[in-house]
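Structure first, then comments.
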Amino acid sequence: MVLGLFSMAVAAIFMARQHDFKRMLAYSSVEHVGILAVGLGIGKGALFGVLFHLLNNGLTKGVLFLSSANIHRSYGGKTTDVVQGALTRVPWSGSLFLAGFIAITGSPPFAPFVSEFSIISAIFNGGQYLVGGLFLFFLAAIFIGMALTVLPMVMGVPRSDLEESEYRDRLLTVGPPLVAMLLLLWLGVWPPEVLLQLLRDGAAMLEVRP
């Protein structure tokens, strides 16, 4: 739990006013490794959420990295002083990046909200109030830090001195992250019972002590 909270704290610090959006995503991965570590430290009760979050984070990071690569190709840069108004310049990729940000920060109705809520519930049900308070504080700090990077990227209008790009959103570049985004919505609203049972079985196996 200590190592997990430390990872979340490091991510929160380095995501504050982060101008490089690909580096921001790397620190987001550090955050979510921390979330998983905290859940493993809590153990029984949080393990279902840990396994579900492992799946959800993989899908969400797929959306973010693929859409950010499209934005990078269009702008020729990966910092917020170059990338502005992505919703105007690359509407599909900009929309997917914004939706991925909403999902990765644990906002409903996407699946990471369900898995993070499951872990948080287990923390407080286990009486770990200090851990729970720090967990929520770091989540809030990371949400604010990411928002300060993502929103200027996607909102507004592109810079007037930006060079024209040959890149255009098309099915082969936006299709995969769009499918992953739809899966995250489906898993958040109506996860299939076969998947839930598989996760329960996996959590039960992790709860076994020698």
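Taking each residue of region 158-182 that is in contact (Cβ under 8 Å) with a residue 60 or more places away in the chain and looking for partners that are part of a loop (DSSP other than H, G, I, E, B) with beta-carbon atoms closer than 6 Å, six or more apart or interchain, yields PRO158/GLN84; PRO158/GLY85; ARG159/GLN84; ASP169/VAL90. Here HIS53 clears all of (1) part of a helix (DSSP H, G or I); (2) of a type outside the set (A, V, I, L, M, F, W, C); (3) closer than 30 Å to GLY133 by Cα; (4) touching a Phe, Trp or Tyr at 6+ places or on another chain (Cβ under 9 Å) except the condition numbered (4). For region 14-35, the set of residues classified as closer than 19 Å to ASP81 by Cα and either touching a strand residue (DSSP E or B) at 6+ places or on another chain (Cβ under 7 Å) or not aliphatic (A, V, I, L, M) (or both) consists of PHE14, ARG17, GLN18, HIS19, ASP20, PHE21, LYS22, ARG23, listed by residue number. Within region 120-139, one or more residues are more than 16 Å from the chain's Cα centre (by Cα), modelled with pLDDT of 95 or more and under 19 Å from VAL189 (Cβ atoms).
Does ARG200 satisfy the condition of being among the charged types (D, E, K, R) and touching a residue at least 40 places away in the same chain (Cβ under 8 Å)? Judged against the criteria, ARG200 is a match.
Helices (runs of 4 or more DSSP H) fully within region 58-146 that include at least 3 residues being buried (at least 23 other Cβ atoms within 10 Å of the Cβ) and in contact (Cβ under 8 Å) with a residue 60 or more places away in the chain: 91-104, 111-125. Restricting attention to region 17-46, the residues that are basic (Lys, Arg) and either assigned to a helix (DSSP H, G or I) or surrounded by 20 or more Cβ atoms within 10 Å (Cβ to Cβ) (or both) add up to 2.
The values are calculated or read from the model by the stated rules, or taken from the named source; none is laboratory data. Owing to the predicted nature of the structure, the values given are computational and were not obtained by experimental measurement. All Cβ positions, even for glycine, are placed from backbone atoms using ideal geometry, and neighbour counts span all protein chains on display.
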